[in-house]
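All remarks here apply to the structure that follows.
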């Protein structure tokens with residue numbers, strides 16, 4: 001799968017053509033889709049007066065399978081074992097409103113069946129969207145099936161999974177372009193060709209990722225052109241793109257009309273953009289940007305020098321909305337119109353299930369990253385202490401899902417989640433007990449450096465602020481004077497430390513901005529395998545699922561150690577690199593027993609060369625509370641919303657809810673699913689004409705049943 005930032009809703013809607021609207025234009029729900037290769041954006045519009053609470057999608061027998069999906073903020077999604085996608089929300093879509101979903105599939109342009117459902121579980125509309133014009137479809141009730149896997153045609157054995165793309169997608173001769181690829185041979189030279197002419201070469205990294213920047217030759221003829229990446233064994237991956245022609249003939253500057261020679265077609269928030277061109281010497285151009293509605297959002301006067309050249313730089317605001325902007329460049333007589341698309345080029349995107357949690361809640365995070373590359377997750381508490389770290393494998397789908405269980409005694413405040421994959425870092429802030437606020441966070445690209453290295457630290461915080469940096473040596477004395485850096489409009493800055501005069505040891509970094517502070521540690525010259533005898537112990541021997549583990553230990557001062565956490569089968573669940581301080585002490589509290597961890601003896605192991613220490617811990621299950629059902633109140637009135645919830649019903653199970661009156665007569669059947677935590681929620685709006693009296697809610701999931709009563713007053 002190519003290195004693609006999966007699903008930027010509005011950007012794709014603007015960039016890619018092929019929008020179709022299907023179903024009756026007067027139906028309760030209409031759907032329109034935008035498709036590009038294997039990515040489809042589907043928008044559902046509610047035309048009726050019944051709110052849409054649930055959307056289901058499935059593919060036909062020849063449609064392959066869903067690979068991944070993206071939802072809007074207030075929606076959650078799940079893929080059933082049968083391949084069905086089920087999306088639901090606590091903020092239903094009302095009449096005149098719409099909701100969008102991003103879907104990635106195994107094959108391009110599939111027909112996607114859909115159904116919209118109200119809060120009572122009743123069907124609203126059903127239909128099918130495809131990316132083929134004039135494909136009006138009747139209602140389709142094809143049941144969800146699991147299709148056979150789609151097998152790609154064989155290619156060169158070393159390039160089977162290799163893919164790459166060109167940015168911008170429609171280059172002109174003379175344009176600078178970016179090449180981004182994945183799945184290539186690791187740590188090898190990869191040559192870049194345009195047609196059969198070698199233009200440049202790049203080195204793939206240790207995950208097979210390739211990135212580079214070249215310029216399309218000015219003399220390249222317009223028309224369909226082959227772009228290729230190849231290795232020394234003549235394995236090749238090729239894509240075909242049409243090059244547009246730009247007249248680059250040099251004329252007398254005094255006779256020049258305005259021309260644009262450099263203009264990026266794709267940018268991202270916070271990026272510094274450079275544009276340039278030619279015009280009448282000594283004149284002044286006006287550069288104007290407009291939003292999709294035609295409203296002027298930016299205008300600047302740009303002088304043309306005596307040689308007839310002009311240039312301008314501008315920073316895209318970090319809060320710039322995703323989508324296209326029209327840019328007009330005019331000298332008062334002639335106007336050139338360009339279009340720039342603002343998108344997010346970061347490969348990592350992470351979304352919490354809630355912005356604010358209560359102490360004792362489990363934080364749930366979903367997102368996407370580059371497929372096939374592990375991602376490191378670090379969580380820091382409000383005082384900046386690292387309380388969780390893990391390296392999570394990411395499969396070819398690029399989907400990320402992880403949880404972090406807080407305790408009832410967890411500190412209230414802003415928790416920072418850092419997700420990093422190579423040099424790409426994504427930061428999420430969530431609140432516990434209160435809304436999240438601003439903070440300063442930093443992360444080094446590795447933990448230990450040689451004196452010949454430069455330590456790279458990425459700093460994140462509020463946009464356009466000055467942050468002070470103080471480095472403390474292994475004796476806790478300042479290493480020189482405090483330094484200051486200014487964060488960019490995207491709230492980020494990379495800071496490098498020259499280590500040529502640094503001695504071996506552990507160094508601390510203190511970063512401050514107003515009342516916010518962050519503390520980071522890096523080491524210089526520490527050696528692996530030199531820890532000597534290792535001693536380690538846990539603060540207790542018995543843990544429940546979800547509990548954090550604190551280990552304390554000692555070895556030789558300033559030594560590197562590998563810390564591993566294994567389950568009863570011997571499988572490594574988590575691992576990380578740590579070090580001893582100047583006194584030979586170490587501690588770690590970032591390991592946690594998984595919420596679904598099996599009972600038995602787990603092991604924390606510290607290793608350094610041939611030396612190691614094991615600490616066994618006994619994991620027991622949490623108390624089984626059984627299958628329970630609750631309502632938010634015990635008494636309701638007609639047209640009230642009854643919030644029904646329950647737990648203990650198992651993971652990802654179908655839940656059948658039946659509401660009956662006092663005589664046992666069934667009023668309504670509702671259906672939903674339990675989450676991976678065994679929790680379910682469903683709402684029911686009491687009818688306007690429901691009689692006063694007592695009613696019963698019966699719930700069944702698998703062999704579990706539960707009941708609760710309520711009254712209508």
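The values are calculated or read from the model by the stated rules, or taken from the named source; none is laboratory data. For clarity, every value in this text was computed on a predicted model and none was experimentally measured. Every residue, glycine among them, receives a Cβ derived from its backbone with ideal geometry; neighbour counts consider all protein chains shown.
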(request) Would you mind finding the one in 148, 171 that is more than 24 Å from residue 112 (Cα to Cα) and either surrounded by 14 or more Cβ atoms within 10 Å (Cβ to Cβ) or at pLDDT below 50 (or both)? (result) 171
(message) Report every pair of residues separated by at least 6 positions or lying on different chains whose Cβ atoms are under 7 Å apart, first residue within segment 95-123 and on the phi > 0 side of the Ramachandran plot, second assigned to a strand (DSSP E or B) and at pLDDT 85 or above.
(response) 96/46; 121/669; 121/670; 121/671
(message) Being touching a residue at least 40 places away in the same chain (Cβ under 8 Å) and surrounded by fewer than 15 Cβ atoms within 10 Å (Cβ to Cβ) is true for just one of 634, 590. Which residue is that?
(response) 634
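Just give me the residues in segment 213-225 being surrounded by 16 or more Cβ atoms within 10 Å (Cβ to Cβ) and within 26 Å of residue 422 (Cα to Cα), in sequence order. If you could, list the steps in order and put the result at the bottom.
Within segment 213-225, the subset surrounded by 16 or more Cβ atoms within 10 Å (Cβ to Cβ) is 214, 216, 220, 225.
Within segment 213-225, 214 is the sole residue that qualifies.
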(request) Assess whether residue 345 counts as being modelled with pLDDT of 85 or more, within 30 Å of residue 75 (Cβ to Cβ) and assigned to a loop (DSSP other than H, G, I, E, B). (result) no
(message) Under 9 Å between Cβ atoms, which residue pairs at least 6 apart in sequence (or on different chains) link something in segment 514-529 that is at positive phi with a partner that is surrounded by fewer than 18 Cβ atoms within 10 Å (Cβ to Cβ) and in a strand (DSSP E or B)?
(response) 525/505; 529/611
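Out of 77, 102, report the one residue that is touching a helix residue (DSSP H, G or I) at 6+ places or on another chain (Cβ under 7 Å) and in a strand (DSSP E or B). Steps first, please.
On the way: 77 fails: touching a helix residue (DSSP H, G or I) at 6+ places or on another chain (Cβ under 7 Å).
Among 77, 102, only 102 is touching a helix residue (DSSP H, G or I) at 6+ places or on another chain (Cβ under 7 Å) and in a strand (DSSP E or B).
Residue-by-condition table, conditions (1) in a strand (DSSP E or B); (2) not assigned by TED's automatic domain parsing to the domain that holds residue 564:
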| position | (1), (2) |
| --- | --- |
| 501 | no, yes |
| 508 | yes, yes |
| 519 | yes, yes |
| 532 | no, no |
| 537 | yes, no |
| 543 | yes, no |
(message) Any residue at all in segment 645-659 that's in a loop (DSSP other than H, G, I, E, B), within 37 Å of the chain's Cα centre (by Cα) and within 30 Å of residue 528 (Cα to Cα)?
(response) no
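For residue 404, are the conditions met, namely being out of contact with any helix residue (DSSP H, G or I) (no Cβ under 6 Å at 6 or more places or on another chain), farther than 30 Å from residue 161 by Cα and crowded, with 17+ Cβ neighbours inside 10 Å? Don't jump to the end; show me each part of the working.
On the way: out of contact with any helix residue (DSSP H, G or I) (no Cβ under 6 Å at 6 or more places or on another chain): yes; farther than 30 Å from residue 161 by Cα: yes; crowded, with 17+ Cβ neighbours inside 10 Å: yes.
Spelling it out, residue 404 is indeed out of contact with any helix residue (DSSP H, G or I) (no Cβ under 6 Å at 6 or more places or on another chain), farther than 30 Å from residue 161 by Cα and crowded, with 17+ Cβ neighbours inside 10 Å.
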(request) Give me a count of the residues in segment 194-212 that are in contact (Cβ under 8 Å) with a residue 40 or more places away in the chain and either in contact with a strand residue (DSSP E or B) (Cβ under 6 Å, 6 or more places away or on another chain) or buried (at least 18 other Cβ atoms within 10 Å of the Cβ) (or both). (result) 3
(request) State whether the residues of segment 1-21 include one that is in a loop (DSSP other than H, G, I, E, B) and modelled with pLDDT of 75 or more. (result) no
(request) Look at segment 641-664 and say how many of its residues are without any contact (Cβ under 8 Å) to a residue 40 or more places away in the chain and on the phi > 0 side of the Ramachandran plot. (result) 1
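A quick yes/no check of all residues on (1) part of a loop (DSSP other than H, G, I, E, B); (2) in contact with a helix residue (DSSP H, G or I) (Cβ under 9 Å, 6 or more places away or on another chain); (3) farther than 27 Å from residue 431 by Cα:
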| residue | (1), (2), (3) |
| --- | --- |
| 280 | yes, yes, yes |
| 288 | no, no, yes |
| 298 | no, no, yes |
| 306 | yes, yes, yes |
| 321 | yes, yes, no |
| 327 | no, no, yes |
| 351 | no, no, no |
| 371 | yes, no, yes |
(request) Could you check how many residues of segment 567-587 are within 19 Å of residue 376 (Cβ to Cβ) and either surrounded by 13 or more Cβ atoms within 10 Å (Cβ to Cβ) or more than 28 Å from the chain's Cα centre (by Cα) (or both)? (result) 7
(request) Tell me which residues, restricted to segment 481-499, are at pLDDT below 90 and in a loop (DSSP other than H, G, I, E, B). (result) 481, 482, 487, 488, 489, 490, 491
